Amino acid sequence: MENQKSLVLLSSKVMISEEDRLNPVFLTVHFLLTSNRGNLNREAVTKKFIDDLVSNQDRFACLPMYVDMERLLTGDYDNLTHLYNRMTKKFETEQFGSLINFYEETDEEGVTSLYAEARFPKRELDACMRLVDLYQQGRLRVSVEIRYNPAHSFRKDGVLFIDAHEDNA
């Protein structure tokens, strides 16, 4: 992929239902990842991008999720980071959970949103309880990275849109 860039998006809506909490094996969390409406950073994806990802989600099955486990477990929520080491140019977070399902919803205004279902193993019960704690405080968030080729993106009304293309995921 030439001229590859990345865009980091922060979830703006998180849902954990009572049914999700009762699963004996996994804690399931639903995250709103992005939509075809520009966010505060004036970034978005197209409906075609969302449609393409949802219809080809087998390429992203079990996409790993990572966490600053030490700070999560100690309840140091204000200092959770991606633990990026500038010297090694690597992230030092631990894998905890994965995305298993992408789906879309279109609201009455015609905005299409991309959601993902994440599962976290209850074998790591303390970490799951910390996620529930963050959720109850309204502070549970996830960031996702979209890698894209600028040749397959465009600007409209000052918003950068990432379009469907094999270089964009």
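Since every read-out is calculated from the coordinates, none of them should be taken as a lab result. These numbers were taken from a predicted model, which means no experiment stands behind them. As a convention, Cβ positions derive from the backbone with ideal geometry for all residues, glycine included, and neighbour counts pool all protein chains shown.
Quick look at the values:
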{"quantity": "For the chain, the longest site-free run once trypsin sites (Lys or Arg not before Pro) in DSSP loop states with at most 10 other Cβ atoms within 10 Å are removed", "calculated": "1-85"}
{"quantity": "Relative contact order of region 86-169, pairs being alpha-carbon contacts under 8 Å that are 6 or more residues apart, as %", "calculated": "17 percent"}
{"quantity": "Difference of contour (0.36 nm per residue) and Cα-Cα distance, K156 to R42", "calculated": "40.1 nm"}
{"quantity": "Rel. contact order, % - alpha carbon contacts under 8 angstrom, at least six apart, the chain", "calculated": "34 percent"}
{"quantity": "Derived scalar couplings ³J(HN,Hα) [region 31-37; Karplus, 6.51 cos²θ - 1.76 cosθ + 1.60; whole Hz; x for Gly, Pro]", "calculated": "10, 7, 8, 6, 8, 8, 10"}
{"quantity": "Cα-based shape type of region 1-103, given that a ≥ b ≥ c are square roots of the gyration tensor eigenvalues and the cut on a/c is 1.5", "calculated": "oblate"}
{"quantity": "HN-Hα J in Hz across region 150-164 - Karplus 6.51, -1.76, 1.60, θ = phi - 60°, x for Gly and Pro", "calculated": "x, 5, 10, 9, 8, 10, 9, 6, x, 9, 7, 10, 8, 9, 5"}
{"quantity": "Angle between the chain longest axis and helix 125-136 axis [Cα atoms, degrees, rounded to 10]", "calculated": "60 degrees"}
{"quantity": "Max mean-square fluctuation residue, GNM over the chain, Cα-Cα springs under 10 Å, options T28, T112, T74", "calculated": "T74"}
{"quantity": "Charged-residue dipole, Cβ positions (Lys, Arg, Asp, Glu), the chain about Cα centre, Debye nearest 20", "calculated": "480 debye"}
{"quantity": "Q136 paired with E109, simple spin-label distance in nm, labels 7 Å along Cα-to-beta-carbon", "calculated": "3.2 nm"}
{"quantity": "Computed helical MRE - 222 nm, the chain, DSSP H runs ≥ 4 contributing -39500 (n - 2.57), nearest 500", "calculated": "-5000 deg cm²/dmol"}
{"quantity": "Sequence-distant residues sharing a close amide H with N101 (under 5 Å, placed H)", "calculated": "E117"}
